[in-house]
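Report on the structure given below.
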Amino acid sequence: MSSPRGHEAPRGKRVSGRVQPLIADPKADNCHAAAILSYGWKKMAPRTREFDLKLEELLQVLSRSQAVFTRGVVPLFYDDENRRPQLWGTALSVQHAGNAFLVSAKHVLREPELYMYSSPDEKRYLAGSLHDTDDDTLDIGVLKLEGDRLPPYPHLNCFPLTLDTFVPVGLPREGNFFLGLGFPSTRTRTNTKTKSVLVRPYANFGPSISAERQTKLGYDPDYFIAMMLRKRRVFGANGQIQNFPDPHGMSGSPLFHLYDSNAKVNYLGGVRVAGILTRHLKDQTVMIATHIGVARELILSFSA
């Protein structure tokens, strides 16, 4: 894996020529404040007979565990020229050795003047030390947060995950199912009258692609996980077929490992983060995640 590079988190004027970002729906109370953060949830699964899974049981678990999956996932914003919040990417809040971290794609965290919300009406600009991968293909960054008002943020259901939730999925991955969960910018709405922003995470549930196909796409299975994106073959929580939105803005989203159809026994409880989403291959209907071991290495590099 590529060695981490350390530097201060970028601050200053916005820059042009952004990297094309990427990958999320809960129900929450509206808060009249500078920014309303309402979290909704749509559990999704492929409508297919190809896979002999106990999907009914799995979806029941997902339904009971909605808040568990969303609690560590954070939307990141910047202000446009009119000082309106614009969603830029997604991050995962992590706590380790008494420190608070944000894990995301490198191209997300390198954007200046990013912030998250520490309460429904209070911004917290990102400041701290950033370690990221030298290899741009891996595209992972970890920001060690510094200053006050660190997570958790109970009013936003934001509670950091711990490093023991980082669970690598070995090879082969055929028959494994994953959940990519994050905040698409196409589903973010800003209300200029109330000066509020509504964000809704979406989740794509699907299988990994074959190692052979992944290798042909140029992504080494030792370092990446590739999952199918079924934009028109997913179910919402109401049982109706829904289209998955354009995943622009979901770079940095966690990829959760849910199910191994080859295993004799599957543990359907808890949270297991297998990767961080960094790319959407639109023509291939595939989402690419970098192996979670890269993020783990970067977090540990702060105490090395």
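Just a few scattered comments:
- Pairs spanning more than 24 Å between alpha-carbon atoms, out of 106/282; 106/231; 123/193: 106/231.
- Within region 246-293, the chymotrypsin sites (Phe, Trp or Tyr not before Pro) that combine a DSSP coil assignment with at most 14 other C-beta atoms in a 10 angstrom radius are 267.
- Among 120-127, 163-170, the order from most to least packed when residues are scored by Cβ within 10 Å on average: 120-127, 163-170
- Label zone (residue 213, point 7 Å along Cα-to-C-beta; backbone nitrogen cut-off 12 Å) within region 287-301: 287.
- Extreme residue, positive dipole direction of region 129-206, given options 167, 143, 157 (C-beta unit charges): 157
- Peptides 218-227, 103-112 ranked from most to least packed by the mean count of surrounding Cβ atoms within 10 Å: 103-112, 218-227.
- Between residue 135 and residue 231, the contour length at 0.36 nm per residue exceeds the Cα-Cα span by 31.6 nm.
Read the figures in this text as sums done on the coordinates, not as results from a lab. Everything quoted here is computed from the prediction, not taken from an experiment. Cβ coordinates were reconstructed from backbone atoms using ideal geometry, including for glycine residues, and neighbour counts include every protein chain displayed.
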